[in-house]
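> Take this structure, written in structure tokens, and hold onto it; I'll ask about it next.
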Amino acid sequence: MVFSEDLRIGAYARFLLQALVCHESTFLSTSFKVKTVAKQLCLTERLVREAAQELADVGLLVSRRRADQVGRPVQEYESSQLLCDLVTQAGQGEAVHRDLIVRLFSEPEIYALGPFSAVMGDACEEDDKPARKLIRKDGRPAAPGAKGRLAASTRVMLAALLSFADHCGVVTGISETRLRAMTGLNALSLKHQVKRLVSLGFIRTHVPGVSSGIFVGAKVPTIYYLNLDHPQLGATRGARGLVVHVTLGPGKFNRLATGIPSSEALTALGAPALDMLYHKLAGHTSRLLSAVWARADDACSEVKAAVADDIDGEVGALWVGNSAKDKGYYWAEMQENFHATACEWADGLHRRLLRWKVWEGYKPQLVRLIPAPDRKDGLTITSLVVYPAPRSAATCLVVWDKYDGRVDYYGHETDLDLALRCEVGLLTEA
């Protein structure tokens, strides 16, 4: 995919660029007309015309006018040498989810439908709002949006996130500045597209980036949890398994505060920083649990050492001073305590999974924790997305790890009650 951050083009031009690359043998190998591209991609001719001209302005397309026997000269475009070079460079490094990205730019029939769409649809019916037309006046399929297809700018945003997502759909380390450069969206539009993807269920949840003294370096980028098993993504659906673990245990703050000499110092960091710190802890726990669950005994010590190094590089010392004279007093053991907490959490989860005989004999390549929002009833809920999916008819389990516990078996995550999925943090209701 051609996600060059140096290109000064908007979201629609980026969408057209990616779509042309995905149809390289059809469009880039010869000259093409706006009407032809618009018809095949189910886009409006205006969108294609303006986007193509924008690509021509930056040297990615060459614009030509060809005179026919009758009528006005026909505007045509063909790929430039610069575009050919970019396509060649892009082919050298492929993203984990290349097939999904290609689908976003080559398949018109991806709709703006999500888990909440049925509820919203019922509401629309009650209001007696007229349905959008499915075809144009000339009989051709309606353009994206007019027929409920996923909009071009939304696809560009989702594709950018997919290019950094791991096999379980977690995106870390990508700044808003870089996303804006990759998508051509401004800050306000980017925020709108994130909300749009959340409301449609393509993004399960996200943790906004923060600036805090507890973290090393500048602002910590937003963490995104993508739903790679979204029905509209098609091919990869069912490629992962899911365990929802429900137990009586410490809440987010209590887990973070374990071993820390001053809980007041931790509280002083503020809710946004604490939330990010907890999700960072979940990320390190995920890495440790992946190694433990796969029974990679030889690799466990190496993974623990690597996680310790990563923690040292991102978590700073905690200021635990109680007055002005203690201003310079920092607790230097913060990193060691953070590492110990991650190890304890990973080992505890693994023991509970073994106790409840979760997919006996299964060895995941990757596990990713998605912590649920804090609760007031004493329950701690953590969802575990695992890759690849286990060879089982039930790839989604809910483990009620309590005194009267049980395991509920489901064929797929979508079989879970919608309210439960929201409650455990797998979806965010807009």
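> Using +1 on the beta carbon of Lys and Arg, -1 on that of Asp and Glu, and nothing else charged, what's the dipole of the chain about the Cα centre, debye to 20?
1280 debye
> Once you keep just the Cα pairs under 8 angstrom separated by 6 or more residues, what percentage relative contact order results for the chain? Don't skip to the end; give the middle numbers.
Values: 687 pairs, mean separation 66.3, N = 430.
Dividing the mean separation by the residue count of the chain yields 15 percent.
> How large is Rg over Rh for the stretch 256-311, taking Rg from the Cα atoms and Rh as the Kirkwood inverse mean of 1/r across Cα pairs? Before the final figure, lay out each step's value.
Numbers: Rg = 13.9 Å, Rh = 12.7 Å.
My calculation of the ratio gives 1.09.
> Long-range amide H contacts for residue 380: which residues qualify at under 5 Å (H placed 1.01 Å from N, peptide plane, sequence gap of 5 or more or a different chain)?
So residue 380 has HN proximity to 247, 248, 249.
> Taking all pairs of different Cα atoms in the stretch 238-423, averaging 1/r and flipping that mean, what Kirkwood radius in angstroms comes out? It would help to have the intermediate numbers written out before the result.
On the way: mean 1/r = 0.0565 Å⁻¹.
One decimal place: 17.7 Å for the Kirkwood radius.
> Binned at 20 Å from 0, what are the whole-percent values of the Cα-Cα distance distribution for the chain, short to long?
23, 49, 24, 4, 0
> So for the pair residue 264, residue 31, with labels modelled 7 Å out along Cα→Cβ, what separation do we get in nm?
My value for the distance between the label points is 7.7 nm.
> A follow-up question, please. Whole number please: convex hull volume per residue, Cα atoms of the stretch 159-209, in Å³. Walk me through the numbers on the way to the answer.
Values: hull volume 4.1 nm³, N = 51.
Hull volume over Cα atoms, normalised by residue count, gives 80 Å³.
Laboratory data are not the source of any read-out in this text; all were calculated from the coordinates shown. Only a predicted model underlies this, so the values are computations on that prediction, with no experimental measurement involved. Methodologically, a virtual Cβ is constructed for each residue, glycine included, from the backbone with ideal geometry; neighbour enumeration extends over all protein chains shown.
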